[in-house]
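Q: Below is the structure I would like to discuss, written out as structure tokens.
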Amino acid sequence: MSKKIASARISAESSALLKELNDSLPFDKALYREDIRGSRAHARMLMKQGIISPEDFEAIDRGLARVLEEIESGAFTLDGGDEDIHMAIERRLTEIVGDAGKRLHTARSRNDQVAVDFRLYVLRHDRQIASLLLDLIESFLAVAREHSETLLPGMTHLQHAQPINLGYHMLAYASMFRRDYERFVSSAERNNLSPLGCAALAGTPHPVDRRSTAEELGFDEPTLNCLDTVSDRDFALEILFNIATMMMHISRLSEELILWSTSEFGFVRLSDKHATGSSIMPQKKNPDIPELLRGKTGRAYGNLMSLLTVMKGLPLAYNKDTQEDKEGVFDSVRTAELSLRVLREMIDEMEVNAEAMERACSRGHLSATDLADWLVREQGLPFRDAYHLVGNAVNYAEELDKDISELSAEELSVVDERLGEACELLDNRLSMNARRSEGGTATERTREQIVKMEEWVEAQRS
Ligand code: ARG
């Protein structure tokens with residue numbers, strides 16, 4: 001058996017169990033692109049600094065391009081028992097170009113190598129997820145544009161509260177996903193610093209130029225302190241937190257869509273593309289997609305907790321514990337990107353039953369607060385007195401088995417003579433449109449929010 005290339009002092013062959021525990025190739029092979037990119041930048045810098053010869057650089061650069069091709073064509077399968085992606089690529093490179101390949105690891109350690117690979121991967125997906133979020137926000141805006149006049153019962157405690165419109169409801173989600181977008185973008189900006197050239201923990205005596213590799217790889221500049229850099233996984237924790245929070249938003253929306261598509265609500269119909277049947281009940285159409293999105297939130301939380309726990313108590317600098325950073329991040333990223341794509345398709349294709357939403361507004365005395373506000377404004381009553389008086393009107397409406405918006409002026413006068421005059425005000429559409437304060441639900445305010453959100457999306461795209 002040939003000597004392991006990264007084990008100068010280890011003579012015995014590794015036990016199969018050690019390999020199973022230790023090897024990360026089965027999962028970190030996902031980093032092959034980043035690893036090759038980082039290595040090419042490193043080799044070019046070594047050449048420019050006179051650390052390796054131009055001939056060696058040419059051989060390495062050509063060799064790495066070939067390794068990339070071989071991986072992408074399937075000719076090099078990354079299942080040859082190498083310890084990790086870094087060792088696999090270095091081994092294949094050396095098979096192809098010979099001794100020059102052995103010079104690639106000058107002034108570098110796997111510690112800064114994995115830090116740069118993983119950071120490049122995470123930053124790429126911060127940006128990718130941010131871009132998917134913008135697409136999703138546009139889908140909410142499309143529904144909002146169409147439904148800024150569609151009445152919907154606004155709820156608190158899942159009880160009817162005040163009338164709003166569906167567009168306004170969609171803008172609430174657009175606002176949540178906008179905060180998510182901003183978190184991914186700011187994580188990508190904050191962490192856009194290059195670990196390359198930190199070597200094992202303390203820098204290197206070779207005259208490396210960290211600025212040139214940082215620039216070639218698209219980083220703003222090198223990190224400040226190598227000891228921190230090789231053991232820092234904050235960038236990974238950030239994407240995990242950003243994904244966990246985003247999945248929480250997706251889960252809340254999913255819950256509403258599940259509820260809204262029940263026969264009790266009937267507010268929306270999810271497209272048949274996003275529903276599945278039952279193996280026994282022939283009539284069933286189940287909302288499996290929003291249920292899965294809600295369910296997948298669990299693993300996103302788990303991945304965040306898992307890495308926080310791995311990092312807790314690690315002394316400086318690199319510890320092998322951090323190899324446990326990858327699978328959770330890969331899983332969260334895959335979950336996040338798939339969820340965003342599916343959710344967007346579901347929003348684009350769902351059918352809104354505006355009539356059912358408006359019908360639902362005629363139950364639950366949604367305009368009761370308007371009556372109290374009117375008593376304060378027009379009759380000078382202290383709000384608390386008005387509140388109690390309207391409570392009586394609601395009780396009376398219940399006795400008649402009516403909604404407060406259905407009471408006639410005469411019926412209102414039975415409760416208190418002043419109330420008759422306010423009868424028209426209790427119409428749910430008027431009530432919705434009365435909430436004209438900034439950020440309020442009135443159709444004109446909703447449209448204003450749509451425009452502001454559209455301008456914001458536009459600004460992000462340009
Ligand atoms: N596969 C390792 C990881 O993902 C690479 C770093 C190994 N460094 C070391 N000192 N053993 O963390």
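Q: Can you tell me which residue within the stretch 247-275, out of those that are polar (S, T, N, Q) and over 20 Å from Thr335 (Cα atoms), is least open to solvent (accessible area, probe 1.4 Å)? Give the steps one after another, and end with the answer.
A: Residues of the stretch 247-275 polar (S, T, N, Q): 251, 254, 261-263, 271.
The next check asks that each one be over 20 Å from Thr335 (Cα atoms); those that pass are 261-263, 271.
On the way: Ser261: 43, Thr262: 44, Ser263: 112, Ser271: 21 Å².
For the stretch 247-275, the residue satisfying everything is Ser271.
Every residue, every condition in (1) of a type in the set (Asp, Glu); (2) open to solvent by 20 Å² or more (accessible area, probe 1.4 Å); (3) in contact with a Ser or Thr (Cβ under 8 Å, 6 or more places away or on another chain), yes or no:
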position	(1), (2), (3)
Leu171	no, no, yes
Arg183	no, yes, yes
Ser187	no, no, no
Gly197	no, no, yes
Ala200	no, yes, yes
Val208	no, yes, no
Glu216	yes, yes, no
Pro222	no, no, yes
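Q: What are the residue pairs meeting all of these: first residue in the stretch 221-240, first residue outside any helix (DSSP H, G or I), second residue surrounded by 20 or more Cβ atoms within 10 Å (Cβ to Cβ) and of a type in the set (A, V, I, L, M), Cβ atoms under 8 Å, and 6 or more apart or on different chains?
A: As it stands, the answer is Glu221/Ala214; Pro222/Leu196; Pro222/Ala214; Val230/Ala115; Asp232/Ala115; Arg233/Leu307, since those pairs meet every condition given.
Q: Out of the residues in the stretch 139-157 that are within 25 Å of Val342 (Cβ to Cβ) and surrounded by fewer than 16 Cβ atoms within 10 Å (Cβ to Cβ), state the one that is farthest from the chain's Cα centre (by Cα). Steps first, please.
A: Just the residues of the stretch 139-157 that are within 25 Å of Val342 (Cβ to Cβ), to begin with: 139-147, 150, 152.
Narrowing the set further to residues that are surrounded by fewer than 16 Cβ atoms within 10 Å (Cβ to Cβ) leaves 142, 145-146.
Numbers: Ala142: 21, Arg145: 24, Glu146: 26 Å.
Here the residue is Glu146.
Q: Hey, among Arg436, Arg418, which residue is over 19 Å from Arg363 (Cβ atoms) and surrounded by 14 or more Cβ atoms within 10 Å (Cβ to Cβ)?
A: Working: Arg436 fails: surrounded by 14 or more Cβ atoms within 10 Å (Cβ to Cβ).
Only one candidate qualifies: Arg418.
Q: Can you go through Glu34, Glu55, Glu13 and tell me which one is within 15 Å of the ligand (Cβ to nearest atom) and acidic (Asp, Glu)? If you could, list the steps in order and put the result at the bottom.
A: Values: Glu55 fails: within 15 Å of the ligand (Cβ to nearest atom); Glu13 fails: within 15 Å of the ligand (Cβ to nearest atom).
The conditions single out Glu34.
Q: If we only count helices (runs of 4 or more DSSP H) wholly inside the stretch 350-408, which ones have 2 or more residues that are free of Cβ contacts under 8 Å to residues at least 24 places away in the same chain and small (Gly, Ala, Ser)? Steps first, answer last, please.
A: Numbers: elements: 354-360, 368-379, 383-399.
Ranges flagged: 383-399.
Q: Of all residues in the stretch 310-366 being among the polar types (S, T, N, Q) and touching a helix residue (DSSP H, G or I) at 6+ places or on another chain (Cβ under 6 Å), which is nearest to the ligand (Cβ to nearest atom)? Let's see the steps before the verdict.
A: If we filter the stretch 310-366 for residues that are among the polar types (S, T, N, Q), which is where we start, we get 319, 322-323, 332, 335, 339, 353, 362.
From the residues that got through so far, the ones that are touching a helix residue (DSSP H, G or I) at 6+ places or on another chain (Cβ under 6 Å) too are 332, 335, 339.
Numbers: Ser332: 17, Thr335: 21, Ser339: 26 Å.
Only one residue fits best here, namely Ser332.
Q: Can I ask one more? I'm checking my understanding of the structure. Among residues of the stretch 381-415 that are among the β-branched types (Val, Ile, Thr) and farther than 21 Å from Met432 by Cα, which one is least open to solvent (accessible area, probe 1.4 Å)?
A: At the first step, the residues of the stretch 381-415 found to be among the β-branched types (Val, Ile, Thr) are 390, 394, 404, 414-415.
If we keep only those that are farther than 21 Å from Met432 by Cα as well, we get 414-415.
Details: Val414: 95, Val415: 39 Å².
Going through the qualifying residues, I end up with Val415.
Here's the yes/no breakdown for (1) touching a His at 6+ places or on another chain (Cβ under 7 Å); (2) within 26 Å of Thr322 (Cα to Cα); (3) open to solvent by 50 Å² or more (accessible area, probe 1.4 Å):
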position: Ala16; (1), (2), (3): no, yes, yes
position: Arg37; (1), (2), (3): no, yes, yes
position: Arg40; (1), (2), (3): no, yes, yes
position: Gln49; (1), (2), (3): no, no, yes
position: Glu55; (1), (2), (3): no, no, yes
position: Ala75; (1), (2), (3): no, no, yes
position: Gly80; (1), (2), (3): no, yes, yes
position: Ile85; (1), (2), (3): no, yes, no
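Q: Can you confirm whether the stretch 373-380 contains a residue that is over 30 Å from Gly203 (Cβ atoms), more than 16 Å from the ligand (Cβ to nearest atom) and open to solvent by less than 40 Å² (accessible area, probe 1.4 Å)? It would help to see each step written out before you state the result.
A: Narrowing the stretch 373-380 to residues over 30 Å from Gly203 (Cβ atoms): 373-380.
Add one more test, that the residue is more than 16 Å from the ligand (Cβ to nearest atom), and what stays is 373-380.
Restricting the remaining residues to those that are open to solvent by less than 40 Å² (accessible area, probe 1.4 Å) gives 374-375.
Yes.
A quick yes/no check of all residues on (1) within 12 Å of the ligand (Cβ to nearest atom); (2) free of Cβ contacts under 8 Å to residues at least 24 places away in the same chain; (3) outside any loop (DSSP other than H, G, I, E, B); (4) out of contact with any helix residue (DSSP H, G or I) (no Cβ under 9 Å at 6 or more places or on another chain):
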site	(1), (2), (3), (4)
Asp82	yes, no, no, no
Arg91	no, no, yes, no
Ile96	no, no, yes, no
Val114	yes, no, yes, no
Asp117	yes, no, yes, no
Tyr121	yes, no, yes, no
His125	no, no, yes, no
Leu134	no, no, yes, no
Ala142	no, no, yes, no
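Q: Just give me the residues in the stretch 355-410 being in contact with a strand residue (DSSP E or B) (Cβ under 8 Å, 6 or more places away or on another chain) and among the small types (Gly, Ala, Ser), in sequence order.
A: Hits for the stretch 355-410 are Ala360, Gly364, Ser367.
Q: Here's something else I'd like to know. Return a yes/no flag: does the stretch 19-26 have any residue that is open to solvent by 30 Å² or more (accessible area, probe 1.4 Å), among the small types (Gly, Ala, Ser), within 16 Å of the ligand (Cβ to nearest atom) and outside any helix (DSSP H, G or I). Outline the logic, then answer.
A: Here is the first cut: in the stretch 19-26, the residues open to solvent by 30 Å² or more (accessible area, probe 1.4 Å) are 19-22, 26.
From what's left, among the small types (Gly, Ala, Ser): none.
No, the conditions are met nowhere in the stretch 19-26.
Q: Using the structure shown, decide if Thr335 is among the β-branched types (Val, Ile, Thr) and either open to solvent by less than 20 Å² (accessible area, probe 1.4 Å) or under 21 Å from Leu292 (Cβ atoms) (or both). Give the derivation first.
A: Details: among the β-branched types (Val, Ile, Thr): yes; either open to solvent by less than 20 Å² (accessible area, probe 1.4 Å) or under 21 Å from Leu292 (Cβ atoms) (or both): yes.
In short, yes.
The values are calculated or read from the model by the stated rules, or taken from the named source; none is laboratory data. Everything numeric here is computed off the predicted structure, so don't read it as measured data. A quick note on method: Cβ atoms are made from the backbone with ideal geometry, for glycine too, and the neighbour counts reach across all protein chains shown. For the accessible areas, the whole protein counts, side chains as well, though only heavy atoms, and no ligand, DNA or RNA atoms are used. Shrake-Rupley method; radii C 1.70, N 1.55, O 1.52, S 1.80 Å.
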